[in-house]
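The structure that follows is given in the form of structure tokens.
The values are calculated or read from the model by the stated rules, or taken from the named source; none is laboratory data. Not measured: the values here are computed from a predicted model. Using ideal geometry, Cβ is built from the backbone for each residue, glycine included, and neighbour counts are taken over all protein chains shown. In case anyone asks, the SASA skips ligands and DNA or RNA and just uses the protein heavy atoms, side chains included. Shrake-Rupley method; radii C 1.70, N 1.55, O 1.52, S 1.80 Å.
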Amino acid sequence: MRTLPAIFILLVLLASGAWAAPVNLNGENIYRYGILPSGEPLRAMNAAGIVIEGKDASCDPCHSRSGLGTREAQFTTLPITGKYLFNPSAWYPEDKYYKYGPELIAPDHVPYTDETLARSISDGIGSNGRELGVIMPRYELNKADMAALIDYLKNLSADNAPGVTKDMLHFATIITPDADPTEREVMLDILNRYFAGKNLVDSSKRRLSSNEIGYLVTHKWQLHVWQLSGAPETWEQQLHQKLAAEPVFAVISGLGHRTWAPVHRFCEQASIPCLLPNVDLPVADTTSFYPIYFSGGTLLEAQLISNRLAQEQALLKIKRVVHVFREGDIGEEAAKAVHLATSSDSVPETVMMALKADGAGQDLSDALKNTVAGDALVLWLRPRDIAALPAAVPGSPVVFMSGLMGGEEYSPLPPAWRKVTHLTYPFDLPERRKPRMNFPHGRYKGGKVPATALRIQADTYIACYTLSTTLANMMGRYVRDYLVERIELMLNKMATAGSFATGYYPLLSLAYGQRFASKGGYIVRFADPSGNKLVAETNWIVP
Amino acid sequence: MELFMKNQKSISNIRRHILLLVSCGILATGQALAADNIFGMKPGEQQQHMHMDMAPGSHEHHHEMAAATNFKRTEDTYTVPAVTLVRQDGSKAPFPAEMDDGKPVILDFTYTTCTVICPVLSHTFAKVQEKLGNEASKVHMMTISIDPEFDTPARLVEFSKKFHAGPQWIHYTGTSGDIVAIQNAFDVYRGDKMNHPPVILLRATPGKPWVRLEGFATPDEVIREYRKLIDKS
């Protein structure tokens, strides 16, 4: 009868997760950050005979967070997860392209033991008794720390990724409740047709063009649409619940309108790649790993405007910068970013003209009535408000406008304003990107995509294409961290490949620690009182 | 070029081996076409080359490692294009004038988020600077970023502080086009920034040839090359 309480305690422990394997924090800190359990930095000698320490000596930058390695020029950093270290190179049925991965193990790989692995880390002698290449540092680790690191490697990327079955890859796309309905339809149209295209083709019969040779991903794709509802404060919880109910391998594309921050936090907390959503206000977080964005959006525009103000404030005799935005919309944060960046400059005064979120038209005209010469207006407004600007420009301000928010070259900016407004334009110019707009996106509902959603269509397609090309490069190693790492490499290749692969952007590029693929923009103005023709006032600027 | 393998389920062992051989053949020719590609080790390649894979087909980069050094030394002349790069302090730097102030130049190409090759080069530059001591001010140490869009002047300043770069060691950025042009001039452009080779270049004075150290020269080896250059001139 004494077993009953014991069983009860056991059940409670199991339920509470206390039975889960403890996270090897010591090993993780050594691997990712080069910090020893003592708090001292990890030390090693590099290829040039120099002692390096701390993050410089850590494993993650070269062997990647997933432990599956990377490649720079002719230097391959091999996979160092337990699976690849301790097993012979064999024809694994479940990893049948084991031998042919971009970072491969030698066919005559001798499996490591704990002892020979420790020796390779400290003395650079491989499991076959031969010296490792010079690019691998030689490490200084005591027995306990070495054991912690080896234990970490044994468990690294060892679990099967969620959302991956024998023949299906599950992906989710996330849509905020305030997303524009037309953009939502256009995005889902692209996603559904791309996914259908992936599943239609019998992969064993697939015809490949000469530059599309790749590892055939025989898995089909399934899309889960995660439509959020209610207040942003509830989104994270909704997403965690959806993920628990529908495990997915990664999040692809997606659509926001105002804040995206709760989604960004979810991606990082759930350790799930969130690839290239359609958001104009991403989260600028240098510590996050999983969310990847096309560009800094309005934050990038804020930098372009800050730079311009700093350079031209004297020339343009600007005495006061007036930011005009709707409360709670993405312009507010961008305006604050400009204010922060210019507050120490010679810009004498900044006014935050916050209009009520639900205001309409007249409040905008009223707010602008007191504009005077010497003012620089910065319009962080959506097309609806842009269309409601007074016909005549009050005062003689210098006017900047967010091209992203205001409708890009389709903005309903009134003619009088077109003469004086400088738009930030964080894309390639329309005529320059035109040759790239031939991506095979098919016909949207048999007709034309509304102009306001053209960029969403292009970006969604590029996101899918990036995912597809990257998966083909992963050699069946469906590890979430590895997906992020391969995208870092793949985007560079896509950019140099030409064709449609960069879409609206002149260049898409990432690297270790980089999460914004496009980094610059133009300042443009409208060429004519009406129509979509733009004139670039600057070259491509990277602020 | 990545390997193309059909679904193997229905292929017999013999056909699998044939497919393997054919694929290796495709690979070998594909290597000659694809500049950015290291793929596969030929059966029998030694494990010691695992971390320094040779690219079949690019024999001009084949390292015949001299005993006890990890680099290959050649001398070359390069024509530096007329481009204007941007120094880490944001000021404009016209080339080739920037390199032609008469001082010896020690040059490399890196980017701040590079993880495998560049840190070795940057640490080496830092040690070279340290070993030169007061003499460092007589040398123009130059590091040109090959990821100019991420490596803004502000980022370069932060990066150079990490390596305690003195005023004689300047980091450069610029437009994508100009950065590609100058990489091409020094034969270090390989398309994708992640394919860049590890190279340190030294020149005594304008008009003299450049010494090219491809691989990982130690700081002492770089200093030795530097001394040979200035002794000659």
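Working out 0.36 nm times the residue gap between A:Ala360 and A:Ile125, then minus their Cα-Cα distance, what length gain in nm do you get to one decimal? Write out the running numbers ahead of the final one.
Numbers: separation 235, 0.36 × 235 = 84.60 nm, distance 7.17 nm.
Between A:Ala360 and A:Ile125, full extension yields 77.4 nm more.
By a straight-distance test (C-alpha under 28 Å), which lysines pair with A:Lys198 as possible cross-link partners, with residues fewer than eight away in the same chain excluded?
List returned: A:Lys96, A:Lys99, A:Lys166, A:Lys220, A:Lys242, A:Lys434, A:Lys445, A:Lys448, A:Lys493, B:Lys6, B:Lys9.
How far apart, in nm, are the 7 Å Cα→Cβ label points at B:Thr79 and A:Ser530?
5.3
Rounded, prolate or oblate: which fits segment A:226-328 when a ≥ b ≥ c are the square roots of the eigenvalues of the alpha-carbon gyration tensor, with rounded for a/c under 1.5 and prolate only if a/b beats b/c? Write down the numbers at each step before the final one.
On the way: a/c = 3.60, a/b = 2.33, b/c = 1.55.
Because a/c hits 1.5 or more and a/b exceeds b/c, segment A:226-328 counts as prolate.
Next question. Given charges of +1 on the Cβ of Lys and Arg and -1 on the Cβ of Asp and Glu, with all other atoms neutral, how large is the dipole of chain A about its Cα centre, in debye to the nearest 20? Don't skip to the end; give the middle numbers.
On the way: 53 positive and 55 negative charges, 281 e Å.
Magnitude of the dipole: close to 1360 debye.
Another one. Sorted by accessible area with a 1.4 angstrom probe, largest first, how do A:Lys55, A:Lys419, A:Lys356, A:Lys242 fall?
Details: A:Lys55 85, A:Lys419 170, A:Lys356 120, A:Lys242 55 Å².
I get A:Lys419, A:Lys356, A:Lys55, A:Lys242, largest accessible area first.
Round to the nearest 10 and report in Å² the accessible area of A:Asp189, as given by a 1.4 Å probe over the protein chains' heavy atoms.
Here the accessible area works out near 30 Å².
Just the accessible area for A:Met475, please: 1.4 Å probe, Å², rounded to the nearest 10?
Ignoring ligands and nucleic acids, A:Met475 comes out at about 10 Å².
Also, quick follow-up: Quote the total accessible area buried by chains A and B together, excluding ligands, DNA and RNA, probe 1.4 Å, nearest 100 Å². Present the calculation step by step, with values, prior to reporting the outcome.
Working: alone 25450 and 13000 Å², together 33110 Å².
Using a 1.4 Å probe, the pair buries roughly 5300 Å².
I'd like the isolated cysteines in chain A, meaning no second cysteine's beta-carbon lies under 4.7 angstrom from theirs.
A:Cys59, A:Cys62, A:Cys464
Determine, from the Cβ-Cβ distance of A:Gln269 and A:Leu316 and an R0 of 56 Å, the FRET efficiency 1/(1 + (r/R0)^6), rounded to the nearest 0.05.
0.80
Restricting the count to DSSP beta bridges whose residues both fall in chain A, what percent are antiparallel, rounded to a multiple of 5?
Working: 20 of 59 bridges.
Counting only bridges with both partners in chain A, antiparallel ones make up about 35 percent.
Something else now. Could you give the accessible area per residue of segment A:361-487, probe 1.4 Å, as a whole number in Å²? Numbers along the way, then the final one.
Details: 4320 Å² over 127 residues.
Value for segment A:361-487: 34 Å² per residue.
Also, quick follow-up: Between A:Ala245 and A:Asp167, take the C-beta separation as r, use R0 = 22 Å, and let me know the FRET efficiency to the nearest 0.05. If you can, show how the numbers build up before the last one.
Values: r = 21 Å, r/R0 = 0.95.
That pair, A:Ala245 with A:Asp167, gives E of 0.55.
Roughly how many debye, to the nearest 20, is the charge dipole of segment A:259-379 about its Cα centre, given +1 on each Lys and Arg Cβ, -1 on each Asp and Glu Cβ, and no other charges? Present the calculation step by step, with values, prior to reporting the outcome.
On the way: 9 positive and 15 negative charges, 52 e Å.
Dipole about the Cα centre, nearest 20: 240 debye.
Same structure again: Rolling a 1.4 angstrom probe over the protein chains, ignoring ligands and nucleic acids, what is the accessible area of A:Thr81 in square angstrom, nearest 10?
0
Can you give me the distance in nm between label points at B:Asp101 and A:Lys434, each placed 7 Å from the Cα along the Cα-to-Cβ direction?
4.6
When only Cα pairs under 8 Å and 6 or more residues apart are kept, what is the percent relative contact order across segment B:65-112?
Details: 25 pairs, mean separation 10.0, N = 48.
Relative contact order here is 21 percent.
Follow-up. Taking θ = phi - 60°, what integer Hz values does the Karplus form 6.51 cos²θ - 1.76 cosθ + 1.60 yield along segment B:121-127, in sequence order, with x for Gly and Pro?
Whole-Hz 3J(HN,Hα) from phi for segment B:121-127: 5, 5, 4, 5, 4, 4, 5.
Which lysines have a Cα less than 25 Å from the Cα of B:Lys72, not counting those fewer than 8 places away in the same chain?
Reachable lysines: B:Lys42, B:Lys103, B:Lys127, B:Lys131, B:Lys193, B:Lys208, B:Lys228, B:Lys232.
Let me check something: with ligands and nucleic acids excluded, how do A:Glu268, A:Glu349 order by accessible area (1.4 Å probe), largest to smallest?
On the way: A:Glu268 50, A:Glu349 90 Å².
These residues rank, largest area first, as A:Glu349, A:Glu268.
Can you tell me, using C-alpha contacts under 8 Å and at least 6 residues apart, the relative contact order of chain A as a whole percent?
Values: 979 pairs, mean separation 65.9, N = 543.
With pairs under 8 Å counted, the relative contact order is 12 percent.
Given a Förster distance of 41 Å, report the FRET efficiency between B:Arg227 and A:Tyr33 from their Cβ-Cβ distance, rounded to the nearest 0.05. Each step should come with its number before you reach the end.
Details: r = 39 Å, r/R0 = 0.94.
Calculated transfer efficiency: 0.60.
Please work out the Cα center distance from segment A:368-401 to segment A:478-541, rounded to the nearest Å.
One Cα centre to the other: 29 Å.
If the cut-off is 14 Å between C-alpha atoms, which aspartates and glutamates fall inside it for A:Lys319, apart from same-chain ones fewer than 8 positions away?
A:Asp345, A:Glu349, A:Asp375
Over segment A:224-280, what is the relative contact order in percent, taking alpha-carbon pairs closer than 8 angstrom and at least six residues apart? Intermediate values should be presented prior to the final figure.
On the way: 56 pairs, mean separation 22.1, N = 57.
In percent, rounded to a whole number, it is 39.
Give me the dipole magnitude in Debye, nearest 20, for segment A:391-536 about the Cα centre, with unit charges on the beta carbon: positive for Lys and Arg, negative for Asp and Glu.
Values: 18 positive and 9 negative charges, 50 e Å.
Computed charge dipole of segment A:391-536: roughly 240 debye.
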